[in-house]
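Q: Mind having a look at this structure? Questions to follow.
None of the figures in this text is laboratory data; all of them are computed from the coordinates on show. Just so we're clear, the structure is a prediction, and the values are computed from it rather than from any experiment. Note that we place each Cβ from the backbone using ideal geometry, even for glycine, and neighbour counts take in every protein chain shown.
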């Protein structure tokens, strides 16, 4: 059995601005890049066979920074929209505090933390799992079972 390492992107511009991001393709901040470099120190003893990331630049930038920091910039990397973080629908781009004032904290918490309740025109965690898990089972898990060491940055835990 190999090893699976899951990482999450560092601070993005909209994390900094306290906005719902979802599939809006915003870049990392300088802090986010530094978080990726610091995170690499925790896995410095690992050598990766393959890497997977989402189609979002913040995940790609984080993965690239981690691999470069580890001295492994040429690890074969596959990108897939299946690994994108959840789609926040109509909430994307909205300030989180203002959204809570508009819809109520309880409603926003329900959208964010419920397994099967989606924000308007967005994905629930259940929807996200239905999109992500088939990709994981088909493309990633077989490599881990074959003994490879795999790193995944898709912005979400698989």
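Q: Choose one answer from 59, 106, 118: the residue with the largest mean-square fluctuation in a GNM of the chain with alpha-carbon springs under 10 Å.
A: Fluctuation is largest for 106.
Q: Continuing with the same structure: For the chain, set up a GNM with springs between Cα atoms under 10 Å and report which of 123, 35, 105 has the largest fluctuation.
A: 105
Q: Quote the FRET efficiency, to the nearest 0.05, computed for residue 141 versus residue 46 with a Förster distance R0 of 25 Å and r equal to the Cβ-Cβ distance.
A: After rounding, the FRET efficiency stands at 0.90.
Q: A further question follows. Quick one: among 62, 99, 53, which has the greatest mean-square fluctuation in a GNM of the chain with alpha-carbon springs under 10 angstrom?
A: In this elastic network of the chain, the residue with the biggest mean-square fluctuation among 62, 99, 53 is 99.
Q: Compute the long axis of helix 125-135 from its Cα atoms, compare it with the longest principal axis of the Cα atoms of the chain, and write down the angle in degrees, 0 to 90, nearest 10.
A: 20
Q: Is the shape of segment 85-158 best called rounded, prolate or oblate, per the rule: a/c under 1.5 gives rounded, else a/b larger than b/c gives prolate, else oblate, with a ≥ b ≥ c the square roots of the Cα gyration tensor eigenvalues?
A: prolate
Q: Could I ask something else about it? Please work out how much length the chain gains when fully extended from residue 117 to residue 30, using 0.36 nm per residue of separation minus the C-alpha to C-alpha distance, in nm with one decimal.
A: Net length gain for the segment: 27.9 nm.
Q: Once you put a point 7 Å from the Cα of residue 13 and another 7 Å from the Cα of residue 55, both along the Cβ direction, what distance in nm separates them?
A: 2.0
Q: When a/c is below 1.5 the answer is rounded, else prolate if a/b is larger than b/c, else oblate, so apply that to segment 1-41 with a ≥ b ≥ c taken from the square roots of the Cα gyration tensor eigenvalues.
A: Judged from the Cα gyration tensor, segment 1-41 comes out oblate (a/c at least 1.5, b/c at or above a/b).
Q: What shape does segment 3-153 have by the C-alpha gyration tensor, where a ≥ b ≥ c are the square roots of the eigenvalues, rounded means a/c under 1.5, and otherwise prolate means a/b greater than b/c and oblate the rest?
A: Taking the square roots of the gyration eigenvalues as a ≥ b ≥ c, segment 3-153 is oblate.
Q: Have a look at the DSSP beta bridges in the chain and tell me what percent are antiparallel, nearest 5.
A: Roughly 15 percent of the DSSP beta bridges within the chain come out antiparallel.
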